[in-house]
Amino acid sequence: KNEVEQSPQNLTAQEGEFITINCSYSVGISALHWLQQHPGGGIVSLFMLSSGKKKHGRLIATINIQEKHSSLHITASHPRDSAVYICAVNLGQGAQKLVFGQGTRLTINP
Amino acid sequence: KAGVTQTPRYLIKTRGQQVTLSCSPISGHRSVSWYQQTPGQGLQFLFEYFSETQRNKGNFPGRFSGRQFSNSRSEMNVSTLELGDSALYLCASSYLPPYEQYFGPGTRLTVT
């Protein structure tokens with residue numbers, strides 16, 4: 001069993017829909033990251049969370065440490081949100097040692 | 001501020017050769033991490049360097065090695081290349097671990 005599980009693996013939605021991507025992990029972590037990867041490979045860090053909730057524009061990320069679960073929400077989705085979203089957990093204490101989920105491929109149709 | 005840069009961007013090597021990839025972090029960042037991305041295994045952690053010291057290592061064979069210089073630039077080396085080493089190699093930097101990481105564009109290595 002992978003230490004980090006994401007769901008769904010693929011998601012297709014219409015423009016304007018509310019999107020939720022889930023991430024569950026089975027190990028103790030110091031932080032959780034949500035990353036976005038566009039075709040061509042470039043990765044952008046969206047959020048780093050160790051507790052609670054963060055919001056940036058139309059993106060919201062939450063984490064429940066007790067349940068070992070995090071969600072990434074996209075409100076008013078747009079075709080430019082189409083990308084692969086990757087959850088990663090940091091196993092290192094005061095260091096970087098990331099373990100990644102397999103990613104969620106999101107396609108937003110106009 | 002310039003982003004993380006990686007050179008070269010594309011590389012084709014033959015099985016059995018060795019390769020060196022370079023990563024220049026964002027100015028002021030002292031932590032550099034390396035990752036391998038393949039279609040089958042996804043993203044996997046290779047190693048992390050901070051102040052010229054390797055602090056963490058992923059589950060990769062000894063053919064994969066790296067180092068960090070006093071200016072925080074980092075190199076990774078893969079010796080005796082195998083076909084399975086074909087991948088996108090990404091580096092990421094942060095000011096201090098475990099702060100948010102900034103990723104470079106990657107080096108796409110093809111081993112033939």
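The values are calculated or read from the model by the stated rules, or taken from the named source; none is laboratory data. A quick note: this is a predicted structure, and the numbers were derived from the prediction, not measured. All Cβ positions, even for glycine, are placed from backbone atoms using ideal geometry, and neighbour counts span all protein chains on display.
Taking each residue of the stretch A:69-80 that is farther than 22 Å from residue A:50 by Cβ and looking for partners that are among the aromatic types (Phe, Trp, Tyr) with beta-carbon atoms closer than 8 Å, six or more apart or interchain, yields A:75/A:18; A:76/A:18; A:77/A:18. Of all residues in the stretch A:61-100, those being under 16 Å from residue A:36 (Cα atoms), outside any strand (DSSP E or B) and facing chain B (nearest Cβ under 8 Å) number 0. Note on the stretch B:1-58: residues that are farther than 26 Å from residue A:101 by Cβ, of a type in the set (Val, Ile, Thr) and at pLDDT 95 or above total 6.
Among the strands (runs of 3 or more DSSP E) confined to the stretch A:17-60, the ones with at least 1 residues that are basic (Lys, Arg) are located at A:52-56. Under the condition of being within 25 Å of residue A:54 (Cβ to Cβ), in contact (Cβ under 8 Å) with a residue 12 or more places away in the chain and not in a strand (DSSP E or B), which residue from the stretch B:100-112 is nearest to the other protein chains (Cβ to nearest Cβ)? Within the stretch B:100-112, the match that is nearest to the other protein chains (Cβ to nearest Cβ) is B:101. Once the stretch A:60-73 is narrowed to residues that are touching a strand residue (DSSP E or B) at 6+ places or on another chain (Cβ under 6 Å) and surrounded by fewer than 21 Cβ atoms within 10 Å (Cβ to Cβ), the residue that is nearest to residue A:18 (Cα to Cα) is A:73. Which of the residues spanning the stretch A:5-31 are of a type in the set (A, V, I, L, M, F, W, C), modelled with pLDDT of 95 or more and either within 19 Å of residue A:62 (Cβ to Cβ) or touching an Asp or Glu at 6+ places or on another chain (Cβ under 7 Å) (or both)? Hits for the stretch A:5-31 are A:11, A:18, A:19, A:21, A:23. Among the residues of the stretch B:71-93, the one identified as buried (at least 23 other Cβ atoms within 10 Å of the Cβ) and facing chain A (nearest Cβ under 7 Å) is B:90. On the given criteria, is residue B:61 within 14 Å of chain A (Cβ to nearest Cβ) and either within 22 Å of residue A:5 (Cα to Cα) or free of Cβ contacts under 8 Å to residues at least 12 places away in the same chain (or both)? When the stated conditions are applied, residue B:61 does not pass them.
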